Amino acid sequence: MNNITRLPVAFTHGQGTWLFDEAGKRYLDALAGFAVSTLGHNHPRLVEAISRQAGRVLHTSNVYRIPLQEELATRLAGLSGMDEVFFCNSGLEANEAAIKLARFYGHKKKGVELPSIIVMEHAFHGRSLATLSASANRKAQAGFEPLVPGFIRVPYGNVDAVRQIASRSRDVVAVMLEVLQGEGGVNTVSDEYVRALRGLCDEHGWLLMVDEVQCGTGRTGKWFGWQHAGARPDVMTLAKGLASGVPIGACLTSGRAAGLFQPGNHGTTFGGNPLACTAALTTLDVIAEEGLMDNAVRIGDAIRAGLSSALEGVAGVVEIRGRGLMIGIELDRPCGELVMRALDAGLLINVTSDKVVRMLPPLIFSDSEAEILVEVLASLIREFLSQ
Ligand code: PLP
């Protein structure tokens, strides 16, 4: 189906942070397949772990015990302080589970017949009907109405807007947000804001549901973005970078959100199979052992500082922002064509929300690769803005 505009390139293989096309040209990957290839390409430990597991068993079924899934659940619970995990295969599935869970919580624990979830402007949670409805992208929603009801949208970063909803609606059961928005334009909020939402959720008995699909798994310098604020959510979703390229998703619960789903309430065929869990366990091991979260902070700061100085005083650059290796450059005009220009120059980046150049490099990005990125991208942006 013609559901996506494809760029005219195909990659045959990768090595570290580089991808190679059919003609042998190499590209610096500053996108990591949209925050997926945490360990870059062809990481020897991941290749070895996946190969070994493929020679044992790929898939059994969730009706049987899966020891690797239990090990991964225990590991994620240890890293997050959360209690339970449901494994699936993608970000939207993890968020769909979270949305179902919030409704279930409303029905079972709060006696709310038609539960509502507070969601944010510029949010992106996926493209299934429920997650598309929770997302704020009108363009992506167009043509798929009727949307799923039960979402109340508020401005991102505004605690008072959430407080006002609390004072006039009795049907709210949860607040759902990305603590650092990706698709919406690499938008940041303060740690105080996240803590204030935690406080409001506690005050009103709501679930705080944090979508860490893009910003989680070490990308911002902590295992999970909410850890910067020290405000543990009741529900957290993960996907993308968790298994560094093998499809996986996870919905974790703690506190009042734990213990809700019982046999028959939710399910999946593939979710949490031995192959995906091996890939995720290896990804987490390598992040910890190779110090990749510190690297994300150091290299991310270096890229932002390098871009700030290279683009200082350039008219048309609105803001350079982000955290760790989630980086955005907002321009004052639509700049989608920069993606193709960068591709020609051997650099993989993305533009989101029309005007924001986005980078999501693998967590193994090096100093010299950061320098190349800054140099190539700054010159492309200067040229683009001067036309
Ligand atoms: N949530 C966030 C924050 C995302 O960035 C994305 C994808 O970009 C999703 C959910 C959806 O994930 P998936 O494409 O794996 O369904």
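Bear in mind these aren't lab numbers, they're just calculated from the coordinates by the rules spelled out. Remember, predicted model here, so these are calculated numbers, not experimental data. Quick reminder, even Gly has a Cβ in these numbers, built from the backbone with ideal geometry, and neighbours come from all protein chains shown.
Karplus-derived 3J(HN,Hα) values for segment 211-222, using 6.51 cos²θ - 1.76 cosθ + 1.60 with θ = phi - 60°, are 8, 9, 4, 9, 8, x, 6, x, 4, 9, x, 10 Hz; glycine and proline are entered as x.
Close amide-amide hydrogen proximity is noted between Val172 and Ser116, each under 5 Å apart and 5 or more residues distant or on a separate chain (H modeled in the peptide plane; Pro and chain starts excluded). Annotation: amide H of Val351 within the under-5 Å range of Arg358, sequence separation 5 or more or interchain, hydrogens built in the peptide plane.
Couplings for segment 21-28, taken from phi via the Karplus curve 6.51 cos²θ - 1.76 cosθ + 1.60 with θ = phi - 60°, read 8, 5, 8, x, 5, 9, 10, 7 Hz in order; Gly and Pro are left as x. DSSP assigns beta bridges within the chain; of those with both partners inside it, close to 65 percent run antiparallel. Comparing Cα centroids, segment 307-336 and segment 33-68 end up 36 angstrom apart. On the basis of the beta-carbon distance and an R0 of 51 Å, Asn137 and Thr74 show a calculated FRET efficiency of 0.90. For the chain, the membrane-span-like helices by this rule, meaning whole DSSP H stretches whose C-alpha atoms cover at least 18 Å of axis and whose Kyte-Doolittle mean is -1.0 or above, are 67-80, 91-109, 191-204, 274-289, 292-310, 367-385; this says nothing about an actual membrane. Taking only the alpha carbons of the chain, we obtain Rg and Dmax values of 20.7, 61 Å in that order. Taking only the Cα atoms of segment 59-138, the ratio Rg/Rh comes out at 1.04, with Rh defined as the Kirkwood radius.
Of Tyr105, Tyr64, Tyr193, the residue with the greatest mean-square motion in the GNM of the chain, using alpha carbon springs below 10 Å, is Tyr64.
Pairs of lysine residues in the chain that meet both criteria, 8 or more places apart or on different chains and Cα atoms under 25 Å apart, total 9. Normalised radius of gyration (Cα atoms, divided by 2.2 N^0.38 Å) for segment 219-367: 1.26.
Under a plain spin-label model, where a point goes 7 Å from the Cα along Cα-to-Cβ, how far apart in nm are Ala23 and Arg170? Using points 7 Å along Cα→Cβ, the separation is 6.7 nm.
For Met120, the residues whose amide H sits under 5 Å from its own are Val154, ignoring neighbours fewer than 5 places away on the same chain, with H placed 1.01 Å from N.
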